[in-house]
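The values are calculated or read from the model by the stated rules, or taken from the named source; none is laboratory data. If you're wondering where the values come from, they're calculated on a predicted model, not measured in any experiment. Note: ideal-geometry Cβ built from the backbone for every residue, glycine included; neighbour counts use all protein chains shown. With ligands, DNA and RNA removed, areas are computed over all heavy atoms of the protein, side chains included. Shrake-Rupley method; radii C 1.70, N 1.55, O 1.52, S 1.80 Å.
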Amino acid sequence: MKTSLKLMLAGTAMGLTAGSMASAETLRLLTWGSYAPDELIQKFEEEYPDIDVEVTFSNNEEMIAKLRATGGSGYDLAQPSHDRIYAAQLEYDIYKPLDLSQINTDAMSANLLDGVKANTTIDGEVYAVPHQWGTSGIMANIKEAPDASGWADLCDPAYQGKTSMRLRRTILLGTAFGMGMNPFELYADKDAYQDMLDKVTAKLIECKSNIKTYWSGGDDLSGLMLSGEVVLSETWDSTAYKLYNENPDIVFVPPETGALAWIDTFAIPKGGEADDAAYKWINFVLRPENVTIMSASTGAIAAVPNGIELLPDDKRSAVQAAFDQSDLDNLKFFANIPPGLEDMEGLALERIKAATE
Amino acid sequence: MYDLESKSVTKRFGSFTAVDSVSFGVPSGSFFSILGPSGCGKTTLMRMIAGFENPSEGDILIKDRSVLNDAPNKRNVKMVFQHLALFPMMNVGENIAYGLRCRGDAKSSIGDKVKAVLDRVGLPGVEEKQVSQLSGGQKQRIAIARCMVLEPDVLLLDEPLGALDLKLREHMKIELKQLQHQFETTFLYITHDQSEALVMSDNVAVMNAGRFEQIGSPKELYDRPVSGFVAGFVGDANRWAGRIDRVSDGMARVQLEGGDVVVATSEGAGDGSSVEVFVRPEVIKIGAGPEGSTLSGKVDSLLFNGANSRVLVKTPSGKLVEVADPSGASTLAEGDEVQIHWDPKRALAFPGEAA
Amino acid sequence: MRSDTGKLSLILLMTPFALWIVLLIILPQAGIGYVSLQEKVGPRQYEFGFKNYMDFLGEPIYWNTLLRTAWMSILVTILALLIGFPVAYYIAKIAKKQSRAGLFLLCLIPLWVSDLVRAFGWIVLLRETGIISGALQWLGIIGEPVELLYNDMTVIIGLVYTVVLFMIVPLVSTLDGMDDALLEAGYNLGGSRFTVFRRIIVPYAMPGIVSGCIITFMLTAGSYLTPILLGGKNSSWFTEQIYNQFITRYNWEAGATFGVLLLLFTSFVVWAGLRLTGQSLATTVAKE
């Protein structure tokens, strides 16, 4: 009985692995929606005919959950944000160190590369390099809300019932900045951070009656803004740029406390089976001619020295309408999230969600 | 005094006339049957009496009062359904109490009434049993008890024996008749089985294609049918098609198909018209008789069935004649040459059916 | 020899079923149960214990959301029964034989599109700039756009719409088996419409009612998209908290605990419902 059970399990395991072994030249990409435009994939496959690209679209949280579930296998290249690597690696051991000699780091913007390296180095090994960056801030319909300037405006009774936000950690951090605190400086001190979270929670519960609803993805946010049901919302800048092209009254407003900047990275999962192909993809998408194609699809800025210039025209004008040099200097890059912080934030978010007005 | 009276009741479904101007009266306390083949309209008639259908024309009276405007649940006519329709989710006692509770009887009296009616149908103490635990005959009695506990003016029974096996059916015929005597309630019984109708009824109406062909006591129907349909449907009969040569004194000389000539009582059929001659097996005797009521032939087979035994005689023209052999004691053997005869008054000729 | 082949065929027949039960139901549940008993003491360090359950009991938000989910699911179940029963009765007893299949198919149509599309359908209808609000303004019934989304009522309507079919199907199949003569007997013996409904139709349909209610309740309590999308900012639903625990908080231990609790609690509600109405699970499957 025992042996037959073992045989059966072995057979099942072989069946499961056979598929992936047969196609060793497949690059399985775990990334954000729009981060793998068909045009680029085709171009890549023409250049490397022996590599097939398979794409799974996801987000930060799901990427980590998926890799955690499989122990870091099933994908050959992942693209979490830079602040989501350190703790996840410590806790779940889901990435493998990068071989920087395989990556054309010269193509990358030096300050972003250094920042990401600093954030993702464990025991002297680097686990991620930057790909694209963007910001979170607020988006306003300037006809209806011409004076919007910061996170606190989302709770301004002047816009009663016409604001929106996504109930995720970004709005906790933004609100904290808007209240004059700096959450990144509190990361190291859990008690102080909890204290800050309590204040932010109270503020956002109070604010609840002011907002129309929480958005959950770019599509429903776009619907709310374009229909005019919402005139002011927390947003990703890329979503705002897309809407700017449809309605020039809708602009991205970097909050006066600084837009929150994120960098989406390249990281190789621990169980990745096509490292060579992954490095080829990284170097491929960083080439200037490909950067423009990528940015056209994502709306985010490539982590190359002239990233903004390489944006397609419409996106570039939207960025220039939103940011001036002082805004760029004022960017607040997300700091590494220490282990356990997400759980504290999660409880705060649930408290806000469950609160009745 | 009629408990139930139907006056020219007609029911049409679209262009189809299911019940065609039917009139009858059921005297108080009697057992009245409606006998007919399936599809003759008898069920529709019963449903109109119960109130589930409304007549297109005519009137229905119960205890001399028209009930056309009464809803089914307001008529004091109770019905035993073909498949009994005992409520499967209630036990026996609840089934019987259902009607009493609907009527608003005092709670205290319901238990006693249920007990009393179960005693009367001979099933004391089964209140707590589930319907599924009862035998076919017991279910039958519970279905009747469920109606009788309400003391209806008329009890309608829609072929309730149809689902029982033969032995039980024979037994229930007698039991039903006894129950009717015991309750002294008017029963209106629907069936396509002539023996059920004959055994139990005081009066039987024979129904065909939406009309009543004849109403009378079972004996009248049997001995003096007024139509070929009744003669054929009620009881057994030998049935021969033929043509009348001539008629004198109500007796017709009939040339049968195949060549034989017989004399039969006939009303209303003229010379040359085609008729059917009906002769019941039990009026036929072995042996020679007068010309015109004698046939000769060969014994084809002997069918033993106790008091219902038969001798089958085959005539040279190929007719098979059933002859009653009540004792089963005839000394005939298959292949014997025999002559058979009957009383010409008991041979009846009716105009041939179109069919 | 003969009994050997008999045994073999029995084993062969039962194997897929047993595999199904073990691999897809028992093993995952056991895994969830095991994870729920893991206490996290540090990165990659766990101990065995009931801390996750204690945390649940110590945090009113969690059990309030569970109670709210259960309460709204019960309400949805009742509404689905009230709406589904007449529809099922019409299909099974009143509609002509030929049109039954068509009517049944009509009820199935909502299932042809995904939950997500259905929820967006409601959003298009009910949003402030949506079709109903627009129509009401056009008719002059209201002066200003009205927001019909993002409240409990909308969530309940959306859920009833999603699950009512699962109430109708078992009801139709039980009512279909009911002999019309039972109804006629009910009237004939003096019952009013109400009496016949209460004492004959409802008891007869009880197995269908019970199984329909169990299915709709379980589906509602376990639904995710509809309450989230239609409820907006006030749509706390227990499955969303499970999702959050697993995905945004990386807290699989708490997520597993919540999963176990949801299963236990909904089972308890079903059990309590059966007890209160005097039914047993057996009556819903084994009809005499």
Conditions: (1) open to solvent by less than 20 Å² (accessible area, probe 1.4 Å); (2) facing another protein chain (nearest Cβ under 9 Å); (3) not small (Gly, Ala, Ser). C:Phe217 meets all but one. Number of the miss?
(2)
Among A:Ser209, A:Ser227, A:Ser238, A:Ser233, which is the only one that is open to solvent by 10 Å² or more (accessible area, probe 1.4 Å), touching a helix residue (DSSP H, G or I) at 6+ places or on another chain (Cβ under 8 Å) and among the polar types (S, T, N, Q)?
A:Ser238
Residue among B:Lys74, B:Lys11 that is open to solvent by 10 Å² or more (accessible area, probe 1.4 Å), farther than 27 Å from B:Val131 by Cβ and basic (Lys, Arg):
B:Lys11
I'm trying to understand the selection: among the residues of segment C:3-36, which are more than 14 Å from chain A (Cβ to nearest Cβ), within 30 Å of A:Pro339 (Cβ to Cβ) and open to solvent by 80 Å² or more (accessible area, probe 1.4 Å)?
C:Gln29, C:Tyr34
Quick check on my filter: what residues within segment C:186-201 are at the interface with chain B (Cβ under 9 Å from one of its Cβ atoms) and open to solvent by 30 Å² or more (accessible area, probe 1.4 Å)?
C:Tyr187, C:Ser192, C:Arg193, C:Arg199
Run down C:Glu128, C:Glu39 and say which single residue is touching a residue at least 40 places away in the same chain (Cβ under 8 Å), within 14 Å of chain A (Cβ to nearest Cβ), open to solvent by less than 50 Å² (accessible area, probe 1.4 Å) and not in a helix (DSSP H, G or I).
C:Glu39
Just the residues that are away from every other protein chain (no Cβ under 12 Å), within 27 Å of C:Trp71 (Cα to Cα) and surrounded by fewer than 17 Cβ atoms within 10 Å (Cβ to Cβ), please, taken from segment C:140-160.
C:Met153
Just wondering, is there one or more residues in segment C:206-220 that are among the hydroxyl-bearing types (Ser, Thr, Tyr) and free of Cβ contacts under 8 Å to residues at least 24 places away in the same chain?
no
Please go through segment A:162-180 and give me each residue that is open to solvent by 40 Å² or more (accessible area, probe 1.4 Å) and aliphatic (A, V, I, L, M), ordered by number.
A:Met179
Number of positions in segment B:90-113 that are within 13 Å of chain C (Cβ to nearest Cβ) and surrounded by 21 or more Cβ atoms within 10 Å (Cβ to Cβ):
6
Name every residue in segment C:167-180 that is open to solvent by less than 20 Å² (accessible area, probe 1.4 Å) and within 13 Å of another protein chain (Cβ to nearest Cβ), in order of residue number.
C:Thr174, C:Met178
List pairs: first residue in segment A:205-223 and under 11 Å from A:Ser233 (Cβ atoms), second residue part of a loop (DSSP other than H, G, I, E, B) and at pLDDT 90 or above anywhere in the structure, Cβ distance under 7 angstrom, at least six positions apart or on different chains.
A:Lys212/A:Gly161; A:Lys212/A:Lys162; A:Lys212/A:Glu229; A:Lys212/A:Val230; A:Tyr214/A:Arg166; A:Tyr214/A:Leu167; A:Trp215/A:Arg166; A:Leu221/A:Trp215
In segment B:55-88, which residues are outside any strand (DSSP E or B), within 14 Å of chain C (Cβ to nearest Cβ) and either among the aromatic types (Phe, Trp, Tyr) or under 16 Å from B:Ser6 (Cβ atoms) (or both)?
B:Val67, B:Asp70, B:Arg75, B:Phe87
Of everything in segment C:230-273 that's touching a Ser or Thr at 6+ places or on another chain (Cβ under 6 Å) and hydrophobic (A, V, I, L, M, F, W, C), which residue is nearest to C:Thr162 (Cα to Cα)?
C:Leu230
Within segment A:210-222, residues more than 8 Å from chain C (Cβ to nearest Cβ) and modelled with pLDDT of 90 or more come out as A:Asn210, A:Trp215, A:Leu221, A:Ser222
Whether any residue in segment B:295-307 is modelled with pLDDT under 85, more than 22 Å from B:Gly335 (Cβ to Cβ) and within 22 Å of the chain's Cα centre (by Cα) is what I want to check.
yes
Testing B:Phe24 on (1) touching a residue at least 24 places away in the same chain (Cβ under 8 Å); (2) open to solvent by less than 10 Å² (accessible area, probe 1.4 Å), one condition comes back false. Which one is that?
(2)
Is at least one residue of segment C:249-262 in contact with a Lys or Arg (Cβ under 6 Å, 6 or more places away or on another chain) and more than 14 Å from chain A (Cβ to nearest Cβ)?
no
Taking the options B:Leu221, B:Leu188, B:Leu161, name whichever one is under 30 Å from B:Phe278 (Cα atoms), open to solvent by less than 40 Å² (accessible area, probe 1.4 Å), assigned to a loop (DSSP other than H, G, I, E, B) and among the hydrophobic types (A, V, I, L, M, F, W, C).
B:Leu161
Looking only at segment A:60-94, how many residues end up being open to solvent by 30 Å² or more (accessible area, probe 1.4 Å) and at the interface with chain C (Cβ under 10 Å from one of its Cβ atoms)?
7
Looking only at helices (runs of 4 or more DSSP H) that fall completely inside segment A:255-357, which ones have 1 or more residues that are in contact with a Lys or Arg (Cβ under 9 Å, 6 or more places away or on another chain) and within 14 Å of another protein chain (Cβ to nearest Cβ)?
A:341-354
